[in-house]
Amino acid sequence: MIICDIDFFKRYNDNYGHQKGDDALKLVAKTLNQLCRREGDLAARYGGEEFAIILPLLKSAECHRFALLLQQKIALLNIVHSDSSVAKTITLSVGFYSAYPTKNTRPETIINNADAALYEAKETGRNKICQFFESN
């Protein structure tokens with residue numbers, strides 16, 4: 001599972017207005033949906049400027065490649081964001097958690113772990129990809 005967040009989106013809305021913000025959200029959502037090509041892949045707005053992506057049966061390395069491709073595709077949209085301190089265009093912070101669930105796996109655990117990885121991506125500079133690793 002991936003959870004991603006548009007970096008400094010509040011600043012974007014404050015600078016360009018809510019209509020431009022809505023337009024940017026739609027472009028990001030469209031891009032996410034275009035990348036989710038396999039049966040079972042699902043991208044959805046998770047809240048505010050966050051999106052969740054479910055990628056069943058994807059190993060960690062494949063999930064990381066997907067996240068890189070996602071960031072590249074968003075960069076190609078070239079949506080100007082002059083108030084971002086990481087780039088001149090809209091960027092994404094990405095957190096992911098890759099696991100093969102068992103009957104005891106709780107959905108909220110998967111979500112919380114991906115969200116913790118997103119938090120790390122944002123705290124360590126944004127426009128980054130972080131993976132959640134379980135400690136033994």
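Brief remarks follow.
- Scan segment 65-91 for residues that are farther than 23 Å from GLN131 by Cβ and either under 15 Å from the mean Cα position of the chain (by Cα) or touching a residue at least 24 places away in the same chain (Cβ under 8 Å) (or both) and the total you get is 7.
- Some residue of segment 17-39 being under 16 Å from LYS128 (Cα atoms) and either among the basic types (Lys, Arg) or loosely packed, with under 11 Cβ neighbours inside 10 Å (or both): no
- Scope segment 3-16; condition surrounded by 13 or more Cβ atoms within 10 Å (Cβ to Cβ) and either farther than 18 Å from ALA75 by Cα or out of contact with any Leu (no Cβ under 9 Å at 6 or more places or on another chain) (or both); matching residues: PHE8, ARG11, TYR12, ASN13, ASN15, TYR16
- Residue in segment 49-64 that is nearest to PRO101 (Cα to Cα), counting only those that are free of Cβ contacts under 8 Å to residues at least 40 places away in the same chain and either among the small types (Gly, Ala, Ser) or not in a helix (DSSP H, G or I) (or both): PRO56
- Enumeration of residues in segment 80-112 that are crowded, with 21+ Cβ neighbours inside 10 Å and not in a loop (DSSP other than H, G, I, E, B): LEU92, SER93, VAL94, GLY95, PHE96
Throughout, read-outs are computed from the coordinates displayed, never taken from laboratory work. Small disclaimer: the values here were computed from a predicted structure and weren't measured. Cβ atoms come from the backbone with ideal geometry, glycine included; neighbour counts cover every protein chain shown.
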